[in-house]
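The values are calculated or read from the model by the stated rules, or taken from the named source; none is laboratory data. All values derive from a computational prediction rather than experimental measurement. All Cβ positions, even for glycine, are placed from backbone atoms using ideal geometry, and neighbour counts span all protein chains on display. With ligands, DNA and RNA removed, areas are computed over all heavy atoms of the protein, side chains included. Shrake-Rupley method; radii C 1.70, N 1.55, O 1.52, S 1.80 Å.
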Amino acid sequence: MGIFNRLFKVGEAEAHSAINKLEDPIKMTEQGIRDMKKDLDKSLQALAEVKSLAIRSRREANENKEKAKNYEQKAILLIKKAEKGDLSPDEADRLATESLTRKEESISAAARAQSEVEKFDDNIAKLQANINKLKSQISHYENELKTLKARDRVSKATSKINKSMSNIDSSSTVARLERMKDKVDQQEAMAEAYGEIANENKSVDAEIDDVLKDEPKSKASDALADLKAKMSK
């Protein structure tokens, strides 16, 4: 049952690995950041367009305010001309009335333009807040991605090491060591046996030489002198 459990665990791990490849968190995060940057580009474009409209409306409001002042000045000049006799009172009143009408129209146009400016400024503030938030999120996720990539490298290296370690069968390794130990013991015993056999097969001369090899040279010389004395008798 042990081998089947191990095979099941390996299969389960491979299945999870396949799912992880389909849902690679790094690739998904990178794609998410790319999408957010596209949204940021669109938001920046929209901000530029709204700012452009606000500038035009503000310019229009200022121009109409200036027109209103000019029309009022013209109406005053027309009345003064009538007072000096340079223009008939009826004509002066008619033209002055037209100038004041244009003045009111310019004031209304300036008010509408100013109202648009305020709306655009409000939109600009909201867009800018969203852009700042989006920039912050992109920066945050980019930092998260760096950390995720580092963790991914570490996890892959650790997984590789653990996988290698899991393939090592400790019981078979111990068995091989025991067999090697038995083999070495047997070789040592055989060497000792051959040594004993070699000693048993020594000749008498070899035994004599072996016994005498450690005798001092002086004793050997005395024995030789005694032997020569016996031979001379």
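The residues neighbouring Ser57, those whose beta-carbon lies less than 12 Å from its own, together hold a net charge of +1 under the Lys/Arg +1, Asp/Glu -1 convention. For region 58-65, 3J(HN,Hα) computed residue by residue from phi via the Karplus equation (6.51, -1.76, 1.60; θ = phi - 60°) reads 5, 5, 5, 5, 5, 5, 5, 5 Hz, glycine and proline entered as x.
With a cut-off of 12 Å between beta carbons, the residues surrounding Ala150 carry a summed charge of +3, where Lys and Arg count +1 and Asp and Glu -1.
Between their Cα atoms, which of Lys37/Lys146; Lys80/Lys103; Lys38/Lys156; Lys42/Lys149 are more than 20 Å away from each other?
Exceeds cut-off: Lys38/Lys156; Lys42/Lys149.
Modelled spin-label separation between Gln187 and Lys51, with each label point placed 7 Å from Cα along the Cα-to-Cβ direction: 8.4 nm. Close amide H pairs (under 5 Å, H built 1.01 Å from N) link Leu87 with Ala82, residues at least 5 positions away or on another chain.
Would you tally the net charge around Lys81, using a Cβ to Cβ cut-off of less than 11 Å, leaving Lys81 out, and scoring K and R as +1, D and E as -1? Combined, the nearby Lys, Arg, Asp and Glu give 0. Solvent-accessible surface of region 28-186, taken per residue with a 1.4 Å probe and all protein chains present: 75 Å². From the alpha carbon centroid of region 99-118 to that of region 56-91 is 15 Å.
For Lys228 and Asp121, the difference between the fully extended length at 0.36 nm per residue and the C-alpha to C-alpha distance is 24.7 nm. In a fully extended conformation the segment linking Gln137 and Ile26 would gain 38.3 nm over its present Cα-Cα distance, using 0.36 nm per residue. Based on the Cβ-Cβ distance from Leu44 to Lys69, what FRET efficiency comes out when R0 is 30 Å, to the nearest 0.05? After rounding, the FRET efficiency stands at 0.20.
Between Leu77 and Ser108, the FRET efficiency estimated from the beta carbon spacing at R0 = 25 angstrom works out to 0.65. For a quick check of understanding: with a 1.4 angstrom probe and all protein chains in place, what accessible area in square angstrom does Thr97 have, to the nearest ten? Spelled out: Thr97, probe radius 1.4 Å, area about 80 Å².
Phi angles across region 150-158 convert, under the Karplus curve 6.51 cos²θ - 1.76 cosθ + 1.60 with θ = phi - 60°, into 3J(HN,Hα) values of 5, 5, 5, 4, 5, 5, 5, 5, 5 Hz, Gly and Pro given as x.
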